[in-house]
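Below is one structure, written out as structure tokens; the observations come after it.
The values are calculated or read from the model by the stated rules, or taken from the named source; none is laboratory data. This is a predicted model, so every value here is computed, not measured. Positions of Cβ are backbone-derived with ideal geometry, glycine not excepted, and every protein chain shown enters the neighbour counts. Note: accessible area is taken over every heavy atom of the protein model, side chains too, but ligands, DNA and RNA are not part of it. Shrake-Rupley method; radii C 1.70, N 1.55, O 1.52, S 1.80 Å.
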Amino acid sequence: PWRISADKLLDVRVPSTLAGVLQARIDSLPPEEKSALQQASVIGHVFWDEALQRIAPAAGAALDGLTRRELAYGRETSAFEGTREFVFKHHVLHQVAYQGVLKQTRREQHRLTADWLVVRSGDRPSEYFGLIAEHYEKAGDKVNAAGYLGKAGKDAVRRYANQAALDYLERALALTPQSEAAARFDLLRSRYQVYSNTGRRLEQQAEIAALEDLAELLDDDVRRARAANVRCAYALVTGDYPGAVVAARRSVERAAKAERPEVALWSRLNWARALQFQGDYSETLDRLVGDALALARAAGERSVETSALTQFGILAFQRGQYGVARAHYEDALAIARATGHRGGESGL
């Protein structure tokens, strides 16, 4: 039976918080298990034996002991072939273990973990862009962190994960010096797309002005064309059709000067739409859509090809050429389905 020794109660120190209880348990582990748990915490709440072996070669032997003590659990399947995947019992335990790792040691091990993830992510790297970026960021590697944060942001934009995209892109911009104007231009273009998706008009205007300033700073006609393309799209969606025509013409001219006509594909289409919305059905409109279609096919830009065919369908329908319109719509629908363009497919 249990028996209380009242005279000894004063000598016992009971931790006042859950974190304190967990720290006491970690401190009571055999040294090799304590070290393994702490090194695994650098990898994350979920970790892999191969990654742990990479950052702490001797730690792998202690994994069975950690699972027996139910500090970590092995999973039946793993995200990476040929590895064993583990998860900490709970997040507080992971955080307490992580706090016990020396800061200098953490930095190097975060870098090694990021390098391992880059190699291991293989043919599906986009799933791990954010995690790779986080490890490089904690390693103090600003260049690689900014690069992978940018990739994670652009991937989130494509998936319409708007808040995640903003978080990644803003962190990338914070790590990208003002002197890196070309890199900042590309990040701002992606952030503009998030603002466009969410209808944040004031932010869109500020982003357009920043893109135009950077294009001038770089003295780069390709980026001037892209900035003008963004201004054209904004003018179109806000009903400024004359302004859309002016911006589109500037984009096409700058792209031609740079001998990169494909850069102004969307400008040609939006120019045509602006003319249509103003009731101008002259030959210029058909020529713009035809040029966009031909250039898109030459450049392999299937989304623009889908939009150009759709635009031709709209024009044919409005002119009473219903059979021609149907043929254009069916061609556009086939491309949208073949490329997995769900938005294009739903619109057709």
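The simple spin-label model puts a point 7 Å past each Cα toward its Cβ; for residue 257 and residue 174 those points are separated by 3.7 nm. Rounded, prolate or oblate, given the Cα gyration tensor of segment 244-284, with a/c below 1.5 counting as rounded? Verdict is prolate for segment 244-284. Only protein heavy atoms count here; under a 1.4 Å probe, residue 246 has an accessible surface of about 80 Å². Per residue, the convex hull spanned by the alpha carbons of segment 82-153 comes to 104 Å³.
For the chain, state what percent of all Cα-Cα pairs lands in each successive 20 Å bin, counting from 0 Å until the bin that includes the largest distance. P(r) for the chain, in whole percents per bin: 23, 40, 25, 9, 2, 0.
Averaging 1/r over each pair of different alpha-carbon atoms in segment 227-348 and inverting the result gives 14.4 Å, the Kirkwood hydrodynamic radius.
Dividing the Cα radius of gyration by the Kirkwood radius, what Rg/Rh value follows for segment 1-140? Please list the in-between numbers first.
On the way: Rg = 17.4 Å, Rh = 16.3 Å.
Across segment 1-140, the Cα-based Rg/Rh ratio is 1.07.
Heavy-atom surface analysis with a 1.4 Å probe gives segment 219-348 a carbon and sulfur content of 48 percent of its accessible area.
Considering only protein heavy atoms, what per residue accessible area in square angstrom results for the chain with a 1.4 angstrom probe?
Per-residue accessible area for the chain comes out at 53 Å².
Strictly greater than 23 Å: what percent of every Cα pair in segment 179-266 meets that? For segment 179-266, the share of Cα pairs beyond 23 Å comes to 16 percent. By the Kirkwood approach, averaging reciprocal distances over each pair of separate Cα atoms, segment 185-233 gets a hydrodynamic radius of 10.5 Å. Most fluctuating residue of 80, 47, 88 in a GNM of the chain with Cα springs under 10 Å: which is it? Most flexible of the set in this elastic network: 80. Taken as Cα centroids, segment 103-118 and segment 32-93 sit 15 Å apart, rounded to the nearest whole angstrom. Bridging of residue 103 to lysines at a Cα separation below 25 Å is possible for 34, 89, 138, 142, once same-chain residues fewer than 8 apart are set aside. Across segment 123-225, Cα-Cα distances exceeding 24 Å account for 23% of all pairs.
Quick check: at a probe of 1.4 Å, how many percent of the accessible area of segment 1-92 sits on carbon and sulfur atoms?
Answer for segment 1-92: carbon and sulfur cover 55 percent of the accessible area.
Whole-percent P(r), segment 273-333, all Cα pairs, 5 Å bins from 0: 4, 21, 27, 26, 17, 5, 0. Count Lys and Arg as plus one, Asp and Glu as minus one, and take only other residues whose Cβ is under 13 Å from that of residue 76; the net charge is then +1.
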